[in-house]
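Working notes for the structure below.
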Amino acid sequence: MIGILQWTTLAVCGIVAIARIPSALRGQNRSVFFVYALMTLVILLSIEAPYMAVDRALGGTNLANLVLRFLIFAAIFLLGLGIARGFGAEDAPRRITGPIGMVTLGTASLVIVVVFLMMDTAGSSTGLVSLATKDAHHAALVEYYGAAGRLYPAYVMLALLPAMLRTAASRLPGLLRLSAGLMVVGTVAITLSLLSPVIPPSLGILRFIFNYTAVLCLILGLALIWLGKARASRT
Amino acid sequence: MPISAKAFQAWLQGAAPAVSTADICRISGIKRTTLAQQLVRGKVAETTLVSISRALHRSPLEDLSSFENYAELAGRRQPPTPAELVSQIATMDLLRAVIGRSEPERGGRGSDGIPPAGAALSPAPHATAVRNWVDAIDDGELRHRVSAATGVAPQNYSAQLTANRMSPELAIATARAAGVGLTGGLVATGLMTEPEAGWPPGAKQSALDALSDGELTALAGERLQALGKALRRQEQEQAQTNKIWENLG
């Protein structure tokens, strides 16, 4: 079940990223292409087999996980900026690039790096699962690490939630409203993933569902906007 | 409430006993699949009945009133009020009339001339016919009365007006609540043409001619303002759509 979700998400993301290559080469909206490409890498690195391969190549110290966190931040930054400029009012992009956005990004990055350095990260393990089982100290550090990693995406998406809701409820073309609606679902899923530490292990599957629902909804929402634009320019 | 399929088939038997369904669809321009679907669901749309009745050179109004839930259409025949008639004149025709009255040397007829050739009013319905019709018969409480009588929420009612749409049933209920002729809404929604609804020929033109210059100009101004608002909203939506496409498409 989790495997299907992971590989489906990877396939969807990869296909859209590849489909965007020609327009990216023509210089059209490269940042959207980078969002797809980064998301593809993110999903690739969150699946066991590719993660293990990449991390062993990087020295087997879970450096790949640190890279993964920053890939997510980069993708969310670009996506957030696009959503703010597209859906939001004039001042919306400042929520991402303004002082609060930058402080949030800086804090989350700093915490991630510091906590990563504080851990004994030897032994590749997807999601740092095996590190958490080392001892109580490491278990706590892994939780902080994860929380900091989820903080920035949640901040960006929640900051833009009003703009998405407004677009979803507007009189704009149905496809655009559907896109905004999907992104709202993605935002809700990202926000729910903040609850990961308190989800009991028996419901551990929920963590995966939240994460992949978020990615799938955001990617599909973006892809639908592209589809609508392509369709409009053809007629 | 659309017409029940059973009643519809009984009517069709009487109206065109020897004509096959395929031929009915061909002459009335209704897709066979559409008709089949409506029959299977047990509900036939009023537009279907009207199209077939029209194609068979019958009276759509009489045919519609032969059904139980539209029986009241057969009763009192009240002619349209002048306000209703004027409401069914397209905005551009009103503007043409303003110009015609004020600038006779530019193709207008002046205050006492004969209308220029080819200036016939375009047939109803026009782009904002439904809202203009309701505005023309509204005494200020009409929407509340319609809502109370039919159970349709006011915001849904307004959404229908904005979309220039209204079900025949609701159109009749509106006319009833306003105390005007029951066919006015059927014309405004485009279900029936003016002659089919029993509106006398030239009635719209006479109603227009009866307006004073002041009334006509004020009315045209209101329409123009509403049109400007609608166009501005469309432009804003287009701009917003383009902004999304530029940044995320």
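Comparison of B:ASN156, B:ASN247 shows that the only residue that is surrounded by 14 or more Cβ atoms within 10 Å (Cβ to Cβ), without any contact (Cβ under 8 Å) to a residue 12 or more places away in the chain and within 30 Å of A:THR167 (Cβ to Cβ) is B:ASN247. So in segment B:207-228, with the set limited to residues that are among the small types (Gly, Ala, Ser) and touching a residue at least 12 places away in the same chain (Cβ under 8 Å), which one is surrounded by the most Cβ atoms within 10 Å (Cβ to Cβ)? Out of the qualifying residues, it is B:ALA220. Scanning segment B:42-49 finds no residues that are more than 23 Å from the chain's Cα centre (by Cα) and not in a loop (DSSP other than H, G, I, E, B). Candidates B:ALA36, B:ALA10, B:ALA18, B:ALA55: the one that is exposed (fewer than 12 other Cβ atoms within 10 Å of the Cβ), outside the structural domain of B:GLU169 (by TED's automatic domain parsing) and either out of contact with any strand residue (DSSP E or B) (no Cβ under 9 Å at 6 or more places or on another chain) or farther than 22 Å from B:GLU68 by Cβ (or both) is B:ALA18.
What do you reckon, is A:VAL113 of a type outside the set (Phe, Trp, Tyr) and touching a residue at least 40 places away in the same chain (Cβ under 8 Å)? Yes: the conditions hold for A:VAL113. For the structure I just gave you, tell me whether B:THR217 is of a type in the set (Val, Ile, Thr), more than 18 Å from the chain's Cα centre (by Cα) and within 14 Å of another protein chain (Cβ to nearest Cβ). Answer is no for this residue. Are any of the residues in segment B:107-126 in a helix (DSSP H, G or I) and either closer than 16 Å to B:THR183 by Cα or modelled with pLDDT under 90 (or both)? Taking every residue of segment B:107-126 in turn, none turns out to be in a helix (DSSP H, G or I) and either closer than 16 Å to B:THR183 by Cα or modelled with pLDDT under 90 (or both).
Among the residues of segment A:54-71, those that are in contact with a Gly (Cβ under 9 Å, 6 or more places away or on another chain), surrounded by 21 or more Cβ atoms within 10 Å (Cβ to Cβ) and at negative phi comprise A:ASN65, A:LEU68, A:ARG69. The number of residues in segment B:38-60 being touching a Lys or Arg at 6+ places or on another chain (Cβ under 9 Å) and farther than 18 Å from B:PRO17 by Cα comes to 1. Put simply, of A:VAL115, A:VAL185, A:VAL111 the only residue that is at pLDDT 90 or above, closer than 22 Å to A:ILE43 by Cβ and surrounded by 15 or more Cβ atoms within 10 Å (Cβ to Cβ) is A:VAL185. Within segment B:179-196, residues that are closer than 12 Å to B:LEU64 by Cα and in the same structural domain as B:TYR157 (by TED's automatic domain parsing) reach partners that are hydrophobic (A, V, I, L, M, F, W, C) and assigned to a loop (DSSP other than H, G, I, E, B) with beta carbons closer than 8 Å, at six or more positions or on different chains, in the pairs B:THR183/B:MET192; B:THR183/B:ALA197; B:THR183/B:TRP199; B:LEU186/B:MET192; B:LEU186/B:ALA197. Scanning segment B:1-20 for residues that are out of contact with any Leu (no Cβ under 7 Å at 6 or more places or on another chain) and either among the β-branched types (Val, Ile, Thr) or free of Cβ contacts under 8 Å to residues at least 24 places away in the same chain (or both) yields a count of 7. Kindly indicate the residue of segment A:67-96 that is more than 14 Å from chain B (Cβ to nearest Cβ) and more than 14 Å from the chain's Cα centre (by Cα) and also farthest from A:ALA148 (Cα to Cα) among those meeting that condition. Taking the candidates together, the pick is A:ASP91. Kindly evaluate A:PRO162 against the criterion of being more than 20 Å from A:MET52 (Cβ to Cβ), within 14 Å of another protein chain (Cβ to nearest Cβ), free of Cβ contacts under 8 Å to residues at least 60 places away in the same chain and out of contact with any Cys (no Cβ under 6 Å at 6 or more places or on another chain). Considered against the rule, which asks whether it is more than 20 Å from A:MET52 (Cβ to Cβ), within 14 Å of another protein chain (Cβ to nearest Cβ), free of Cβ contacts under 8 Å to residues at least 60 places away in the same chain and out of contact with any Cys (no Cβ under 6 Å at 6 or more places or on another chain), A:PRO162 comes out as no. Restricting A:LEU218, A:LEU206 to residues that are more than 12 Å from every other protein chain (Cβ to nearest Cβ), on the phi < 0 side of the Ramachandran plot and of a type in the set (A, V, I, L, M, F, W, C) narrows the list to A:LEU206.
The values are calculated or read from the model by the stated rules, or taken from the named source; none is laboratory data. Owing to the predicted nature of the structure, the values given are computational and were not obtained by experimental measurement. Every residue, glycine among them, receives a Cβ derived from its backbone with ideal geometry; neighbour counts consider all protein chains shown.
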